[in-house]
Amino acid sequence: MTLYGWGFDAYGLGPHGSPPFAEGVSIAAAVATSVNEVRVYLTNEPKHASKVAAGDALNPATWTVQRLDGPTYLNVMSVIEYAPTIYGVVTDQPFGNSTIVHEVSSITLLDAGGGIILPPRKAQFAGLVADTDTSLQAKLAKRGAIARDVANPQSPRGSDVFGGTLVVGSSGDYDTVTGLELVKKLIIRRLSTRQGGFFHLPDYGVGYRVKEPVQPGSLRQVKAEVERQILKEPEVAAASASLTLDTNNVLTIAIKATIRPTGEQLQFSIPTVAL
């Protein structure tokens, strides 16, 4: 082992002390941990002090990532150090799916003493498929959780608003609702809230009121807006609304919704409302 004195470069600009004993470094394994990051496992500690130094493990230019189903090289954007021998190589393009073989390699990586990488200099790994189901139900299912809210059935209160009263159960605590009953409550809440009622949700709400007249010429527009708003609920996969206007121009809305991910059907009517 050669002692360099104060710093481990010729001009003493590196960290104080001598470099670690060089045992050689090679790539032991690789596995995709996200759609654009591959975790690389090395046999020994490499040079890892600079993001721009040649041969440094933290330098994106040190690494090459390729899809083996064609001549496709992915641009390495950054490198994350998880441990002295474990590095996350991040690309700015996503990997292919799990049936496609990829390869991460380096021919310039240096070990802690400055020696060039030894074979094996590459490792293969399978890609990942992006999670396309970003619904609230899917996220909760991954965590083993269930969407739940306090029970306060939404029914007409007074002459112009919908509201609900908290329900006390047999345990003495407030009851809660889940499943179809919860989705029904969320839909009524959305439709009865005037747009702009929540500052942080400018596109939330329709704003119906009880026993207010509505003009027949606006029914098509009302139907489209009601369906658009219902579909914004994360649990709703499909929705339709039927509007009935009586002789006094008072509107009743009948709603049908398909719930994700179970495909259950929710049907209910909102009595004598107007927008």
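For the listed peptides 57-63, 220-226, 172-178, a ranking on the average number of other beta carbons within 10 Å per residue, highest first, reads 57-63, 220-226, 172-178. The smallest convex shape that holds all Cα atoms of segment 27-126, its convex hull, gives 82 Å³ per residue. Residues whose amide H comes within less than 5 Å of that of Phe125, counting only those at least five positions distant or on another chain, are His102, Glu103, Val104 (H built at 1.01 Å from N in the peptide plane). Take each peptide in 263-270, 250-257, count the other Cβ atoms within 10 Å of every residue, and average; sorted highest first, the result is 250-257, 263-270. Of the peptides 45-51, 80-86, the ranking by mean beta-carbon count within 10 Å, highest at the top, reads 45-51, 80-86.
What does the net charge come to around Arg190 if you take all other residues with beta carbon closer than 9 Å to its beta carbon, with K and R at +1 and D and E at -1?
Counting the neighbours of Arg190, the net charge comes to +1.
Count Lys and Arg as plus one, Asp and Glu as minus one, and take only other residues whose Cβ is under 13 Å from that of Pro46; the net charge is then -3. Here the Karplus relation 6.51 cos²θ - 1.76 cosθ + 1.60, evaluated at θ = phi - 60°, turns the backbone of segment 45-60 into coupling constants of 6, x, 5, 8, 10, 8, 7, 10, 6, 4, x, 7, 5, 7, 8, x Hz, with x for every Gly and Pro. Annotation: the residues Ser98, Ser170, sorted from fewest to most other C-beta atoms within 10 Å of their own C-beta, follow the order Ser170, Ser98.
Just so you know, all these numbers are worked out from the coordinates, no wet-lab data involved. Keep in mind the model is a prediction, meaning the values are calculated, not measured. Every residue, glycine as well, gets a Cβ built from its backbone with ideal geometry; the counts of neighbours run over all protein chains shown.
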